[in-house]
Amino acid sequence: MASHTPLISLKHLKKSFTNPEGQALTVLDLDHFELFENEIVSILGKSGSGKSTLLRLVAGLAKPTSGTIHYQSEEVTGPIPGIAMVFQNFALLPWLTVLENVELGLEAQGMPKQQRRQRSLKTIDIIGLDGFESAYPKELSGGMRQRVGFARALVVEPELLIMDEPFSALDILTAENLRNDLLDLWCARRTRTKGILCVTHDIEEALLLSDRILLFASDPGRIQAEIKVDLPYPRDANSNAFNRLMDKIYSIMTTSERERVRHTKETHLADIEHPEYAYRLPDVSVSELTGLLEAMTDHESDGRIDLPELADSLHLDINNLFPLTEALDILRFAQITRGHLILMSAGKAFIDADILHRKQLFAEHLLKYIPLARHIREVLDSNPQHRVEEEFFLNELEAFLSEEESERLLKVIIDWGRYAELFAYDYDAGILSLENPQ
Amino acid sequence: MSIQPRYQHVATESLHKPNGWDLVALLIIAGIIAALVWGASHMDTPYHVGKPIIISLDPSALPGYALRTVLRMFIAIGLSLLFTFIAAPLAAKNAQAEKLIIPFIDIAEAIPPLGVLAIVIVAFIQWFPDSLLGPECAAIFVIFTAQAWNMALSFYQSLRTLPLEFQEAATVFQLSGWQRFWRIEVPYAMPALLWNTMMSMSAGWFFLVASEAISVANQHILLPGIGSYIYQAIVNANLHAILYAIAAMLVVILLYDQLLFRPLLVWADKFKLHSSDDDAQENVSWFYDLLLKTRSLRIFRRLFDAFKEWAINQPSVYVMQLKRLSLHAKQSTRPLKCAWLQKPLHYFSSVKPILSQSCVWAWNIGLILCIVSALYALVRFIHLYISFAEIRHVFFLGSITAGKIALLIVLTSLFWIPIGVWIGLNPRLRGIFQPLVQFLAAFPINLIYPLVVTGILYYQLNVDVWSTPLMILGTQWYLVFNIIAGAAAIPPETLLAAKNFGVKGFLWWRRLVLPAIFPYYITGAMTTAGGCWNASIVADVLKWGDQTLIATGLGSYITQYTESGDFPRTALGLSVMCIYVLVINRLVWHQLYQLAASRFSME
């Protein structure tokens, strides 16, 4: 039902940040994208794929490093009256009542009190908040709070509504209820909104909601694939067509994963600019990894595990699942192919081993396949006291990554290294060493 | 009790008939207003330096004096708020102003307010030559310097830590800077600012009482108030009068606590980000409830709301209209009427970046020059009059005071940690003691110094030993609050786990409770120690009738030379105290604070 008038169009959009060393780190690199009237577009990607950055650029909350964003014919250089936003954690002001929160945007427009009040009450009515006008946000449940968030955005009658993971802070039932109500409003054309741009990390949600889904890849954030969803509303998550699309998305997202890992390995081996050890390890703990490996045996059929099924039964969304599968993949405990996970012999051995042998196996794989672990171990071995400050490694990493990302990476490898007993870490002193605690 | 039922309760009653609460609330409010007006009318009394002011020790004069004291307090707190609302937003929003304001406040916090009095009083008397307004202003200024800094710092910190999502919401919905400030920033800062204001006010009573009776350059100026009443009672060695003054002050603090402190705390709950389910202690105030129930006050509330609406939104509307006009002017093909303006405007916009850059440089250079010349002036001034040996002696006196304070902190900690933990772990006791401790913290403890002095004189005790505890009597309450709060914040599960594993006695303290309260304890001890330095100026020199007891320390050095009007020595004493406080803060407290935050915080 999309028309051909673009509501938003982006061209050659780039956003980079400068790290302490003065190097530019690109977080978002988009060549071209248009959102048309009467269209809901979802952006699906892992955390760190730049999807929230894109949303903030469109909202005029941040400025692109290069490239342009146009809203209809007007260039976006700051916030625009026709664009309103719904926030992940609601961003309601706790000292204002529901009504006052909803009125906020109209107040900013300088609308007289009577008119403002009338319009807000009407919107509150539409969004199903009737009876809660005088309540404070802290009295409301999460779902009701996000309804206030929607009302506050819709009351300014935006042509484009942008939503930053609007349902992710809610429980499953509440999220579904609110999503259905939003779709009802949209389908019945009860608001003036002509387009919705939504960021999510929930594949099913994206499929239920959108006309088009953009799959984002990381490093730098970019559009990797575009999926058209032509199913009529309301959509049935159990239908075959729905499941086929679901499989397709999993397949694309996991294929890319595999390729990226391989890709980084090949091109960066000889690359002094970006050494292997700066590879961004996924943010997972050893106990999560072990838990997943153990759970995998229950879901295995002819040596393969269907990822959508696994995600569904373990209640993992892509922010949880993909880092785990990526970690298993780079550690060579499992292999990812087109929407499936295949347990490798090392993975099987790990599952069958007892605690001590698991640690040994993990240590072996860590040294063999994780360059950062190998690097830290080599530095510690060659140091006469076998003690090195964490600052040393952080500085090394910060040459290629942001400060935050370097800290995250070191935290992950310390967790893994401690489990494998490859090295020790003293939190108070901030020192990595080969000693065992006395 | 949540906020909503209160409002519902009001809404369900019939609308226009005044209720019984109206009479009570109106009487209280009218009384307060009348009293303040009466007090204010007496401030501008004609006065000449040297003319003795007679303070009557008749107890019937006390209510009047108490009122004058309260009035000074309110003026000072008003000025402090004004300063806060100007300095903090400036520092938070302008990097250049920040460079000046924040270090200035940091240092100003370390200057003992009572020392300031000696220096500013002369200036104020010269500004208002034939009126008591000079000394009045000086006293108010002293309380201002005791209150304003931590209020401004708290506001500044809140402005700097405004959650990102609020900032983004404000930007997306295009609130103007003015709307953003009043709708988002001020409410967000309110709980912390209010708490700091109340703490400042509580601390302020001490300085107020001490600064009403000004002895400087062999002049005794007595501003009518409870502080002067006490001074006169000491001079006359009148024990009854002292007891009357203490009773009057207790009443004042009780009213302040019940009519101002508590209602405001309850009101500020509204601005907290999270509902206060986690801390079981909800603030309650009968006066706040009374005000809400009072029907006729609702007119004032409605008027206030209308005013707020107008004041917050109207300026933005005008600005928007102006913008629209200028946009219109730009778009119309007609040349602008004031075409001659365009060229300079265009020129200005092209040199603006260079101009602002050079402004930054000029500002920085100016700052450095100011600091250097101020240092030079101070060193020269002190050096001209005072020998190096004396400077060394003053530093030695400072170390004695520092040692006394350290010992006091240790002793009070040993006393209060067990009691504080016991209270903190018991919700029912906490409900009783927390308000009581807050009340005690506000009571100006210097009122009871004379009682101690008579004791020392009567039993012929050692002054150095027995006057020392006076320093900490008033400020120990900050330590107590924090110990109680720290113990209350220990997760109940952790306590149960300890019980389950049979962790008891010394192990229980060493492994569980002491580490858990450590971050809180450090905050409390830091505040208490800072207060001790201030109190030493009052507590080191004690008088009764014609006898004077002098304890060894920096405080007595400052007090003695202030009284004899020796400015270089007063300045030296103050500088040394300031240096001690700053250095100890940086070297001891901040380090411990860091340790507490990284190692012992529960998060």
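List of remarks:
- Note: relative contact order over the range A:341-438, using C-alpha pairs below 8 Å and six or more positions apart, is 28 percent.
- Amide N proximity, the range B:524-564 versus B:Gln157 label position 7 Å along Cα-to-Cβ, cut-off under 18 Å: B:524-531
- Crossing angle, helix A:403-420 versus chain A [Cα axis fit, 0-90 degrees, rounded to tens]: 50
- The angle between the Cα long axis of helix A:172-187 and the main principal axis of chain A comes to about 40°, on a 0 to 90 degree scale.
- Against chain A, whose longest principal axis comes from its Cα atoms, helix A:286-299 is set at around 80 degrees.
- Semi-axes of the equivalent ellipsoid of chain B are 41, 34, 30 Å, computed as sqrt(5λ) over the eigenvalues of the C-alpha gyration tensor in descending order.
- Fewest-first ranking of A:Ser218, B:Ser326, B:Ser228, using other Cβ atoms within 10 Å as the exposure measure: B:Ser326, A:Ser218, B:Ser228
- FRET efficiency for A:Lys248 and A:Tyr369, using Cβ-Cβ distance with R0 set to 41 Å, rounded to 0.05: 0.90
- Order of A:Tyr427, A:Tyr279 under a 10 Å beta carbon neighbour criterion, fewest first: A:Tyr427, A:Tyr279
- Helical mean residue ellipticity (222 nm; -39500 (n - 2.57) per DSSP H run of 4+; nearest 500) of chain B: -25000 deg cm²/dmol
- For the protein assembly as shown, alpha-carbon Rg relative to the globular expectation (2.2 N^0.38 Å, N residues): 1.11
- The protein assembly as shown - share of DSSP beta bridges that are antiparallel (%, nearest 5): 70
- Counting only residues at least eight positions apart within a chain, or on another chain, the aspartates and glutamates with an alpha carbon under 15 Å from that of B:Lys93 are B:Glu185.
- Of A:Lys138/B:Lys99; A:Lys122/B:Lys323; A:Lys11/B:Lys323; A:Lys113/B:Lys270; A:Lys138/A:Lys194; A:Lys15/A:Lys46, those spanning more than 28 Å from alpha-carbon to alpha-carbon: A:Lys138/B:Lys99; A:Lys122/B:Lys323; A:Lys11/B:Lys323; A:Lys138/A:Lys194
- The modelled label-to-label distance between B:Phe304 and B:Lys270, using points 7 Å beyond Cα along the C-beta direction, is 0.8 nm.
- Of the DSSP H helices in chain B, those whose Cα atoms cover at least 24 Å axially and whose Kyte score averages 1.6 or more: B:20-41, B:239-256, B:567-584
- Extension gain, A:Thr26 to A:Arg387: 0.36 nm times the residue separation minus the Cα-Cα distance gives 126.5 nm.
- Förster radius 41 Å - calculated FRET efficiency between A:Ser287 and B:Ala406, Cβ distance, rounded to 0.05: 0.30
Values in this text are rule-based calculations from the coordinates and carry no lab data. Because the structure is predicted, anything quoted here is derived from the model rather than measured. With ideal geometry, Cβ positions are generated from the backbone for all residues, glycine too; neighbour counts draw on all protein chains shown.
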